[in-house]
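Beneath this line is the structure, given in structure tokens, with notes to follow.
The values are calculated or read from the model by the stated rules, or taken from the named source; none is laboratory data. Please read all numbers here as calculations on a predicted model, not as lab measurements. Cβ coordinates were reconstructed from backbone atoms using ideal geometry, including for glycine residues, and neighbour counts include every protein chain displayed. These area figures cover heavy atoms from the full protein model, side chains too; ligands, DNA and RNA do not enter into them. Shrake-Rupley method; radii C 1.70, N 1.55, O 1.52, S 1.80 Å.
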Amino acid sequence: MNKELEEALYTAKERCKGNTIIDEEYIWDFEEIFPFTTENIAGYIDYFDLQDKSLLTVGSSGDQIINAAFKGAKDVTLLDINPYAKYYYYLKKAGMLELDFTKFKEFFRYNSYPVRYKTNVEMFNKASYEKIKGTLKSLDADSYLFWDELFANFSPYDVRKHLFSGAENPCYVLKENNFYLHNESDYYRTKAKMKNLEEKFITENILTVNLDRNYDNIWLSNIIYFLEEDELKQVTDKFSHNLNDDGQLMIGYLYNVSKYNADKLNDSLKLLKDYSPFFHSFTSISELKYNNDNCKDTVLIYQKKK
């Protein structure tokens, strides 16, 4: 067992016992796995050319990778400070490859499935895990060892409660913001594309990571909320150098941009004036959840010119 897996298993077990592991990631809640995206990926994904292109993305739910595969991306790298992100992605991929649409949702949903406001008792159920674990092992041995150890020693409830964020949107929202959950047909289309996807993983902080290659697209998700102004400039400077010509960098995802601090946003734009970033707005998560059409989510994008 390698050192990274050994440390991840140790902290995961301690958390599943209800113990607190205090570190930098804990302070910012970066140690939690997001079961599904909290972004409207379907709302912004068509602003990016992904067909047969490369993508570097942040996102511990793995949904950025899965939706990018649906749109034709063939080369995707997940960059996340959370060491569990890789293991969860492979659990999700194994689930997609082996489970039908209904069984997949039963296995991965916790809140409001299949009945709204009711806990899903089929989450991480043993029968489905037995069906997918052989594929999980063939995809990534470390991910198999991680989940096999946890599911053997802790209840599904304890794993879900202590390792995952409680931010799990209702079924009707996830259906709208994830292509692979739109319907059964799109689920199977995504499954077919996932078989040939080339994934890579980097477990590091975006402020300190040094990349050794360029990408056609880079998505930094909602990291913008956690950065100071000088860090925002530092991150934009860094990742702009890792874009191919005509590549696009999502500098930040803003939930309900009308509530974002206007002064801070203007200061950020001034700071990034050399990049001439532009906004794209689309249906917000709040609008999907509460039918509030006054809300818009927005992505701030820089495009690298030749």
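Using a 1.4 Å probe on the protein chains only, how many percent of the accessible area of the range 233-304 belongs to carbon and sulfur?
Exposed carbon and sulfur together represent 44 percent of the surface.
Figure the gain on full extension for Asn266 and Asn291 (residue separation times 0.36 nm, minus the Cα-Cα span) and round it to one decimal in nm.
6.2 nm
Step by step: find N for the range 179-306, compute 2.2 N^0.38 Å, then divide the Cα radius of gyration by it. What's the final number?
Compared with the compact-globule rule of thumb, the range 179-306 sits at 1.21.
Using label points projected 7 Å from each Cα along Cα→Cβ, tell me how many nm separate Lys161 and Asn244, to one decimal.
Between Lys161 and Asn244, the simple spin-label model gives 4.7 nm.
Nearest-5 percent of antiparallel DSSP beta bridges in the range 153-306?
If I count the DSSP bridges inside the range 153-306, around 75 percent turn out antiparallel.
Quick check: Cα centre of the range 71-85 to Cα centre of the range 270-288, how many Å?
Their Cα centres are 22 Å away from one another.
What are the principal axis extents of the Cα atoms in the range 160-203, in Å, biggest first?
So the extents along the principal axes, rounded to whole Å, are 32, 31, 15.
Put a dot 7 Å past each Cα toward the Cβ at Asn125 and Glu4; how far apart are the dots in nm?
About 3.4 nm, to one decimal.
Given 10 °C and 1.306 mPa s, how large is the Stokes-Einstein diffusion coefficient of the range 98-187 in µm²/s, with Rh as the Kirkwood radius over Cα pairs?
Reported coefficient: 113 µm²/s.
Between Ser276 and Tyr188, what is 0.36 nm times their sequence separation minus the Cα-Cα distance? Round to one decimal in nm.
In short, 27.7 nm is gained.
Just one of [x] 31, 24, 17; [y] 30, 22, 20; [z] 43, 27, 15 is semi-axes √(5λ) of the Cα gyration tensor in Å as worked out from the coordinates here. Which one is it?
Among [x] 31, 24, 17; [y] 30, 22, 20; [z] 43, 27, 15, the one derived from this structure is [y].
With axes computed from alpha carbons, what is the tilt in degrees of helix 3-16 against the longest principal axis of the chain, rounded to the nearest 10 within 0 to 90?
So the inclination is approximately 70 degrees.
Counting only helical runs of four or more DSSP H residues, what would the 222 nm mean residue ellipticity of the chain come to if each run contributes -39,500 (n - 2.57) and the total is spread over all its residues?
Calculated at 222 nm, the ellipticity per residue is -12500 deg cm²/dmol.
Return one number: the angle in degrees, 0 to 90 and rounded to the nearest 10, between the long axis of the Cα atoms of helix 184-194 and the longest principal axis of the Cα atoms of the chain.
80
With no solvent and one equal point scatterer per Cα, compute the Debye intensity ratio I(q)/I(0) for the range 187-261 at 0.12 Å⁻¹ and report its log10, rounded to two decimals.
Treating every Cα as an identical point scatterer, log10 I(q)/I(0) equals -0.45.
With a/c under 1.5 counting as rounded, go ahead and sort the range 114-245 into rounded, prolate or oblate using the C-alpha gyration tensor (a ≥ b ≥ c being the square roots of the eigenvalues; past the cut-off, prolate if a/b is larger than b/c, else oblate).
Prolate, since a/c reaches 1.5 and a/b exceeds b/c.
Between the helical axis of 229-240 and the dominant principal axis of the chain, each derived from Cα atoms, what acute angle in degrees is found, rounded to the nearest 10?
80
Could you tell me the relative contact order of the chain? Use alpha-carbon pairs under 8 Å, at least six residues apart, and round to a whole percent.
It rounds to 21 percent for the chain.
Placing unit charges on C-beta atoms (Lys and Arg positive, Asp and Glu negative, everything else neutral), compute the dipole magnitude of the range 154-306 about its Cα centre in debye, rounded to 20.
Value, rounded to 20: 320 debye.
Between Lys13 and Glu204, what length comes free when the chain is fully extended (0.36 nm per residue of separation minus the Cα-Cα distance, one decimal in nm)?
That pair, Lys13 and Glu204, stretches by 66.6 nm at full extension.
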